[in-house]
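Only one structure is covered here, and it is reproduced in the block below.
Any read-out appearing in this document is the output of simple, stated calculations on the displayed coordinates, not a laboratory observation. Please read all numbers here as calculations on a predicted model, not as lab measurements. Backbone-built Cβ (ideal geometry, glycine too); neighbour counts: all protein chains shown.
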Amino acid sequence: MSKKNIPYLLTPILLALAFPPFNLYFLAFFALVPVLNETEKRSSFLKLFFSGFLFNLLLLYWLYPVLTGYGQMPQILAILSLILLFSYLSLFFTIPLYFFKEKLLFLFPFLYVSFEIILEHFLTGFPWGILANSQSSNTGLNYLFYISGVRGVSLFLVFSNVLIYHTLKEKKKRTFAFIVFLIILINIPGYFIKPKGSRILKVAVVQGNESMNTVWTGQRVKEEFIKYMNYTEKSVKKGAKLVIWPEFCFPYYPRYQSGITNVLKKFTKKNKVTLILGANDQKDGNYYNTAFVFHNGELDYYYKVHLTPFGEYIPYKNLFFFAKKIANVEGEFTPGKVVKVFDIDGVKVGVPICYEMVFPSLIKHFYDRGAELIVAITNDSWYGKTSGPSQLFYLSKVRAMEGFFPIARAATSGISGFFEQNGKILKKLNYGKEGYLVASLKIRDKNISPFYSLFYFYRYLILFFAFTYIFFILLKNRN
């Protein structure tokens, strides 16, 4: 292999290692430097594209067993599907880097992050591998997440990369040393930020560890229900006022299986406890992925708004008309229309379901409705023993740091756990384990998040400077 191609291998490897489960987050501060050094040499678009493709392959390899196992897709079709997906995702890496110009050094980060914003919304969105998510294990930057969210953290990372690249190229050793010192300094304050608030809510999460291959007979459902109830009773004895079951516990339609529903209503009313669990709902001929809330003998619900494409529904059916014939799509769910929060013992609780935790724009809607605690329910068993569950677990930490609210996470087979407002992991139950956890979560007296409050301001500010960058590029080409 030619030495000229090494940078295009090095950058994606460094980036992938910065993400969970490796969590070598410091690598992201200089991972782009190798390819930045090549872009000024008129590197080919295809080489950058290969680099972006390799990064997504290393980060999202776990999609292959998902498609062939859970999705029951033939191997060759799964490979072709992932080639198409990774090619699409790599464009959001390739295009901004291809147009990198050192003379526009301080504007370039805005161009790069503008493509991350587009990635979050275009074609249903998939902002899984944005740069800021590489810092999901970096508690030291929690204050930057709190102030500016993933936008500000991604900007900071790109700025770090371009400044390191520039000082190395110009051989300014003192400037380089100062920049490295400054980057280290900026990564320290978060460790000194503590949770705030005078209110405490004791919360429990239950992890049943069911397999996606379980054959659900009537007896098997009964056994699983008894298991969840046993853990719930133990949690209540430890003082839990809110108990959370995951997105999927066992096949159950609360509206129509009155036996289980009545037991849960009586239990929650008798013990003055709230239970949140995930199940499916059917209404007016439509199916919904639902978070049900049993509180004071009553039943409330939230319908998942952002469904998982190709898992819960087929997007753009005219374009992907063949998808349902070659893959196992779990029914055809209907998205909910309204984001809801629930009042539980004076605490406003939002309950995003699984894939919804990937999107800061959606969690903002919970924040806008006054959410003080986020309860994330998910079924990660279909990822298998891959890096998928770890990556999604740490994305919950990112949402905690952005909103500065605690997060309780219940996953069918893991990883379940609790995050404090500052992103610190209080407790967790690893993948493939069965059990329950109880934690006392501190609730802020008044929840204010600069990132979510200034969400659209940050977005349009970044897009403005990105268009400014494009304007200068076009002006230069015209001249």
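Which of the peptides 144-156, 411-423 is most tightly packed, and how do the rest follow, judged by the mean count of other Cβ atoms within 10 Å per residue?
In descending order of packing, they fall as 411-423, 144-156.
What FRET efficiency comes out for residue 198 versus residue 271 if R0 is 30 angstrom and r is the Cβ-Cβ distance? Round to the nearest 0.05.
In this case the efficiency is close to 0.75.
Provide Rg and Dmax in Å for the chain, with only Cα atoms included in the calculation.
Radius of gyration, then largest Cα-Cα span, for the chain: 23.2, 77 Å.
Residue 475 to residue 286: FRET efficiency via 1/(1 + (r/R0)^6), r the Cβ-Cβ distance, R0 35 Å, to the nearest 0.05?
Approximately 0.10, to the nearest 0.05.
So which trypsin sites (Lys or Arg not before Pro) in region 396-436 are both in a DSSP loop and have at most 13 other Cβ atoms within 10 Å of their Cβ?
433
Within straight cross-link reach of residue 424, meaning Cα distance under 15 Å, which aspartates and glutamates are found once same-chain residues fewer than 8 apart are removed?
Those aspartates and glutamates meeting the cut-off are 402.
Just to confirm the number: angle between the C-alpha axis of helix 258-271 and the first principal axis of the chain, 0 to 90 degrees, nearest 10?
90 degrees
Explain nothing, just compute: Karplus ³J(HN,Hα) = 6.51 cos²θ - 1.76 cosθ + 1.60, θ = phi - 60°, for every residue of region 294-308 in order, whole Hz, x for Gly and Pro.
In residue order, the calculated couplings are 9, 9, 6, x, 10, 10, 10, 7, 9, 8, 4, 8, 9, 6, 7 Hz.
Taking neighbour counts of Cβ atoms within 10 Å as a proxy for exposure, in what order, fewest first, do 73, 212 appear?
212, 73
As a test of the formula, what do you get for the chain when each DSSP H run with n ≥ 4 contributes -39,500 (n - 2.57) and the sum is divided by the residue count, at 222 nm and rounded to the nearest 500 deg cm²/dmol?
Helices in the chain give a 222 nm mean residue ellipticity of -14000 deg cm²/dmol.
Hey, what angle do you get for helix 218-237 against the long axis of the chain, alpha-carbon based, 0 to 90 degrees rounded to 10?
Between the helix axis and the principal axis of the chain, the angle is about 80 degrees.
How large is the direction-averaged shadow of the alpha-carbon convex hull of region 199-448, in nm²?
Over all viewing directions, region 199-448 projects a mean Cα-hull area of 13.2 nm².
Going by how many other Cβ atoms sit within 10 Å of their own, how do 2, 449, 361 line up, fewest first?
Ordered by Cβ neighbours within 10 Å, fewest first: 2, 361, 449.
Return the long-range amide H neighbours of residue 274 (sequence gap of 5 or more, or a different chain), with a cut-off of under 5 Å between placed amide H atoms.
Placed amide hydrogens put 242, 243 under 5 Å from residue 274.
List the trypsin sites (Lys or Arg not before Pro) within region 8-58 that DSSP assigns to loop and that have no more than 14 neighbouring Cβ atoms inside 10 Å.
When the trypsin sites (Lys or Arg not before Pro) of region 8-58 are filtered for loop state and at most 14 Cβ neighbours within 10 Å, 41, 42 remain.
Using modelled backbone amide H atoms (1.01 Å from N, in-plane), which distant-in-sequence or interchain residues come within less than 5 Å of residue 332's amide H?
none
Once the Cα atoms of helix 173-186 and of the chain are each reduced to a long axis, what angle between those two axes, in degrees from 0 to 90 to the nearest 10, is obtained?
With both axes taken from Cα atoms, the answer is about 10 degrees.
What is the extension gain from residue 26 to residue 467, computed as 0.36 nm multiplied by their sequence separation minus the C-alpha to C-alpha distance, in nm to one decimal?
Full-extension gain reported as 155.8 nm.
Taking the Cα centre of region 199-448 as the origin and placing charges on Cβ (Lys, Arg +1; Asp, Glu -1), which of 308, 350, 250 is farthest toward the positive end of the dipole?
Selected residue: 350.
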